[in-house]
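One structure is given below, encoded as C-alpha cells.
The values are calculated or read from the model by the stated rules, or taken from the named source; none is laboratory data. The model shown is predicted, which means the values in this text are computed figures rather than measured ones. Here the Cβ positions follow ideal geometry from the backbone for every residue, glycine too, while neighbour counts run over all protein chains shown.
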Amino acid sequence: MFDFSEEKNYRSYKAGETIFTVGERGYDMYAVIEGEIEIRLGSNYISTARENEVLGEMALIDQKDRTATAYAVKDSTVAVICEDRFRELVKDPDFAVDMMRVVSSRLRTEMRIKRELSHEASLRAVGISVAS
C-alpha cells in the first residue's frame with residue numbers, strides 16, 4: 001500500500017475509541033500511521049487496518065453513509081485524507097489500483113457476512129437453532 005507518513009492532517013485515538021460508526025456520513029478516509037483499527041459490521045469482524053492501510057474509503061468515494069464501524073484496537077494515529085487530497089492521490093495509477101483492490105476486498109467481505117446473516121435468519125425462521 002501507499003506510504004502516508006508525509007500527510008499533513010493526523011488524529012490520534014486511544015485503544016477502544018471509535019473512529020467512525022455505521023450510518024454516519026463519511027467525508028474523510030483514514031490511513032493508519034501507527035496502531036491498529038478494527039472494522040466491524042455489527043458484531044461481525046470485517047478486517048483490521050494496520051500501518052499504511054486505509055479505512056473509510058467507501059464513504060469518501062461514493063459520498064454515502066459509513067457501512068461499518070471502526071475502533072482503535074490499540075492507541076493509534078491516522079492520517080485524515082479529505083476528498084481533495086484523495087483526488088490528488090488517485091492520479092497515481094499504483095494508488096488507484098491499490099484503492100480498487102481495497103474496495104473490492106471490503107465489498108466481498110461485507111457481501112459474505114450479509115449472506116451468512118441471511119442464511120442464519122432463514123434457518124431460525126424454520127425453527128433450526130443457530131449458534132451465535
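At-a-glance table
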quantity: Flag if V73 is touching an Asp or Glu at 6+ places or on another chain (Cβ under 9 Å), within 18 Å of V32 (Cα to Cα), β-branched (V, I, T) and buried (at least 18 other Cβ atoms within 10 Å of the Cβ); calculated: no
quantity: Condition met for S47 (within 22 Å of S105 (Cβ to Cβ), in contact (Cβ under 8 Å) with a residue 60 or more places away in the chain and part of a strand (DSSP E or B)); calculated: yes
quantity: Tally of residues being at pLDDT 80 or above, assigned to a helix (DSSP H, G or I) and not hydrophobic (A, V, I, L, M, F, W, C) across the stretch 75-108; calculated: 12
quantity: Residue list for the stretch 1-48, filter: over 24 Å from V90 (Cα atoms) and either out of contact with any strand residue (DSSP E or B) (no Cβ under 7 Å at 6 or more places or on another chain) or among the aromatic types (F, W, Y) (or both); calculated: Y13, L41, G42, S43, N44, Y45
quantity: Positions within the stretch 86-118 being basic (K, R) and crowded, with 17+ Cβ neighbours inside 10 Å, in sequence order; calculated: R106
quantity: Residue satisfying all of: in the stretch 109-132; polar (S, T, N, Q) and either in a helix (DSSP H, G or I) or within 21 Å of T69 (Cβ to Cβ) (or both); nearest to the chain's Cα centre (by Cα) among these; calculated: T109
